[in-house]
Every structure is written in C-alpha cells, then in structure tokens.
1. List every residue whose amide H lies under 5 Å from the amide H of Leu76, counting only residues 5 or more places away in sequence or on a different chain, with H placed 1.01 Å from N in the peptide plane.
2. Give me the distance in nm between label points sitting 7 Å out from Cα along the Cα-to-Cβ direction at Ile7 and Val48, one decimal.
3. At what distance in nm do the modelled label points of Leu144 and Leu22 sit from each other, each positioned 7 Å from its Cα along Cα→Cβ?
4. Distance between the C-alpha centers of region 33-58 and region 141-158? Whole Å please.
5. Charges at C-beta only: +1 for Lys and Arg, -1 for Asp and Glu. How large is the resulting dipole of the chain about its Cα centre, in Debye rounded to 20?
6. So which aspartates and glutamates pass the test for Lys106, namely a Cα distance under 16 Å, with those fewer than 8 places away in the same chain ruled out?
7. Roughly how large, in nm² to one decimal, is the mean projection of the convex hull of the alpha-carbon atoms in region 2-155?
8. Between Glu132 and Val154, what FRET efficiency follows from the Cβ-Cβ distance if R0 is 41 Å, with the result rounded to 0.05?
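Just so it is clear, none of the values below were taken in a lab; they were calculated from the coordinates. Computed from a predicted model, the values in this text were never measured in an experiment. Backbone-built Cβ (ideal geometry, glycine too); neighbour counts: all protein chains shown.
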Amino acid sequence: MYKFLLILHILAVVFGIGPMVLNGLYAAKAKKLGPPGQGAVMSVNFDVSMVAEKIIYLIPVFGILLVLVGHDDHNLEFGQTFIWLSFLLYVVALGISHGVMVPGAKAMQAIGAKFASGQGTPEDGARAAGLEKRLAAGGMTLNLLAIIIIVLMVTQPGR
C-alpha cells in the first residue's frame, strides 16, 4: 500500500505542478503573438492550469496517507521537519495561487478580451502591465517553493 500511495503522490506532483511551472513561458510566448493570439493562448493555459490545480489538491492527501500508512514501517511522523515544513510551504503556495495568480489571470483575460474587441483603453494597458509584473513575481515564487518542497522531500531533513 505504501509504494502505491508513493506513486500516486509523485504522479500528483508531476501532473499537478509540472504544467504550472511552464506558465511563465506560455505568457512570454503569448505576449509575442499580440492581442488576438495572446488571448487564445492565455485562455487555454488558464483552463489547463485549473485542471492541474485540482490535481495539486491531491498532493497533501496522498502525503498524509503516506505518513499514516508508513508510520511504523517507514518511520514517518508529522513532526519531522521535511513533512511539516513542506506542508506549510504548500499552504503558502496555495495562498499565492488563490490570492495572486488566479485573480490576476482572470483580470488579464478580461483586459485581453477588451483589447481583442477593440475597446481596450490606455488605462487597461497600464493595468495589464502591472498585472504582468505581479503574475511574473508570483509565478517565480511558486516555482521556487516547488523546488524547495521537492528538495525537502528528497533530502528529508529531520528524519
């Protein structure tokens, strides 16, 4: 049972976080396309990200089950540094995702739609530029958190 849960935990990381790591690349490539193509690429990217987000919610579920199942045979405890710190960083990442990334991406889509319909204003352009910087910073922070969590899971400090 432990190995099965470990495989599910790793697959949730790969298929949940993996697509999200490339969001900045999609944004950079979409920006080069200009308004019509940019909106289409970012809309598809947002939809895929929302699917990946649901998979990301499974990561701690499988992690918690791993600790419960592996408590005796694998010497896992919730008080071990790599477990509680990874969980804490995961919660921080969710906060950034829901507080910065999702609302920012939705706002960018709305601005993009205005420009695509010919109704975008200079104020919309300025707002989009500010959102772009905020999304880039949030994305880089999320990528860094993902790297830190993966390093914690592999090196397992406090074990």
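1. When sequence neighbours closer than 5 places are left aside, the close amide H contacts are His71.
2. Output for this residue pair reads 2.6 nm.
3. Placing both labels 7 Å along Cα→Cβ, they lie 2.4 nm apart.
4. Here the two parts' Cα centres lie 25 Å apart.
5. On the way: 11 positive and 8 negative charges, 106 e Å.
Dipole about the Cα centre, nearest 20: 500 debye.
6. Asp47, Glu53, Asp124, Glu132
7. On the way: hull surface 36.4 nm².
Average of the hull's projected areas for region 2-155 equals 9.1 nm².
8. Details: r = 33 Å, r/R0 = 0.81.
Working from the Cβ atoms, E equals 0.80.
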